[in-house]
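First up is the structure itself, then whatever we jot down about it.
The values are calculated or read from the model by the stated rules, or taken from the named source; none is laboratory data. Please read these numbers as outputs of a predicted model, since none were measured by experiment. Note: ideal-geometry Cβ built from the backbone for every residue, glycine included; neighbour counts use all protein chains shown. Keep in mind that these areas ignore ligands, DNA and RNA; they rest on the heavy atoms of the full protein, side chains included. Shrake-Rupley method; radii C 1.70, N 1.55, O 1.52, S 1.80 Å.
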Amino acid sequence: FNTMLFELNENRTWRELFGTEEADSRMRDLEYILRFFTMKTDTILDSESRQISLKKALNDFMKTHKDDNPGNIQRFKNEFERTVQLVYDHIGKNAFRNYTRSKFSKKFHPAIFDAIMVAVFLIDQKGIQLTDIPVEKHIALLDNKGFRDATSKRTTDVENIRKRIFLAGEMLFGVDLK
């Protein structure tokens, strides 16, 4: 599993969406890939808890999957690569950036990443065909007060995790993920 994370981190589309060609020396880029796998699980999405410890959730996920069989590893790899390509193809290179002062920021935003990646993954899992998202629709999501709050305040509250994922699915693609 760990080897797969390093391989995925070299994916050209991921590197462009993340914003740098070079791997992050502090391995934050690897952490975000792991966050995608963790955030899309029932453990998070169907949690009865009010809040998660992100560090614990990531560590637990790694521990559970560190010795997965090659079939599971390939499934994880396919899920990430397909989802990241769908995001790039339908939303564009600014998918994981905030929008302030009439422009997209240069900085990658982890909570926006979680919301959009998991929403796109869930929509694709339902077999729903994705459409290209006009930039105005993307900006409307980023300007939505509920989405802004869910991506900037108490970002590990389970309700905020769900809220930002559901808003991304609904506002970008018109899909109710609840």
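Which value, in debye to the nearest 20, describes the size of the charge dipole of the stretch 118-160 about its Cα centre when Lys and Arg Cβ atoms bear +1, Asp and Glu Cβ atoms bear -1, and nothing else is charged?
On the way: 6 positive and 7 negative charges, 24 e Å.
Rounded to the nearest 20 debye, it is 120 debye.
Taking the mean number of other Cβ atoms within 10 Å as a proxy for protection, how do you rank 75-84, 40-49, 20-29, 106-115 from highest to lowest?
Details: 75-84: 17.0, 40-49: 13.6, 20-29: 12.0, 106-115: 19.1.
So the peptides 75-84, 40-49, 20-29, 106-115, ranked by packing, come out 106-115, 75-84, 40-49, 20-29.
Using alpha carbons only, what's the Rg to Rh ratio of the stretch 97-178 with Rh from Kirkwood? Let's see the in-between values first.
Values: Rg = 12.1 Å, Rh = 12.8 Å.
Radius of gyration relative to Kirkwood radius: 0.95.
How large is the helix-only mean residue ellipticity at 222 nm for the chain, computed as the sum of -39500 (n - 2.57) over DSSP H runs with n ≥ 4, divided by its residue count, in deg cm²/dmol to the nearest 500?
Working: 10 runs with 112 residues, N = 178.
Computed ellipticity for the chain at 222 nm equals -19000 deg cm²/dmol.
For the stretch 12-91 and the stretch 128-169, compute the distance between their C-alpha centroids and round to whole Å.
Taking the Cα centre of the stretch 128-169 as reference, the centre of the stretch 12-91 is 18 Å away.
Towards the positive end of the charge dipole of the chain, with charges on Cβ (+1 Lys, Arg; -1 Asp, Glu), say which of ILE139, LEU30, GLN125 has the farthest Cα.
ILE139
Could you report the stretch 66-178's accessible area per residue, 1.4 Å probe, as an integer in Å²?
Ligands and nucleic acids excluded, the result is 51 Å² per residue.
Quick one: length gained pulling GLU7 to VAL135 fully straight, 0.36 nm per residue minus the C-alpha distance?
Full-extension gain reported as 43.0 nm.
What label, among (1) 16.3, 58; (2) 15.3, 47; (3) 17.9, 61, belongs to Rg and Dmax of the Cα atoms in Å computed from the structure on display?
Matching entry in (1) 16.3, 58; (2) 15.3, 47; (3) 17.9, 61: (2).
Beyond 25 Å between alpha-carbons counts as too far, so tell me which of LYS40/LYS93; LYS66/LYS126; LYS40/LYS77; LYS56/LYS126; LYS55/LYS107; LYS55/LYS153 fall in that bin.
LYS66/LYS126; LYS56/LYS126, as the Cα separations exceed 25 Å there.
So for each of 50-56, 33-39 I average, over its residues, the number of other beta carbons within 10 Å; can you give me the resulting order with the highest mean first?
Most protected by this proxy first, the peptides run 33-39, 50-56.
Provide the packing ranking of 61-70, 164-173, i.e. peptides ordered by the mean count of other C-beta atoms within 10 Å per residue, highest first.
164-173, 61-70
Hey, got the dipole for the chain? About the Cα centre, +1 on K and R Cβ, -1 on D and E Cβ, debye to the nearest 20?
So the magnitude is around 660 debye.
Computing the accessible area with a 1.4 Å probe over protein heavy atoms, can you report the carbon and sulfur percentage for the chain? Can you show the working numbers first?
Working: 4460 of 9640 Å².
After summing per-atom areas, the C and S share lands at 46 percent.
Rank PHE104, PHE61, LEU167 by how far each Cα sits towards the positive end of the charge dipole of the chain (+1 on Lys, Arg Cβ; -1 on Asp, Glu Cβ) and give me just the farthest.
PHE104
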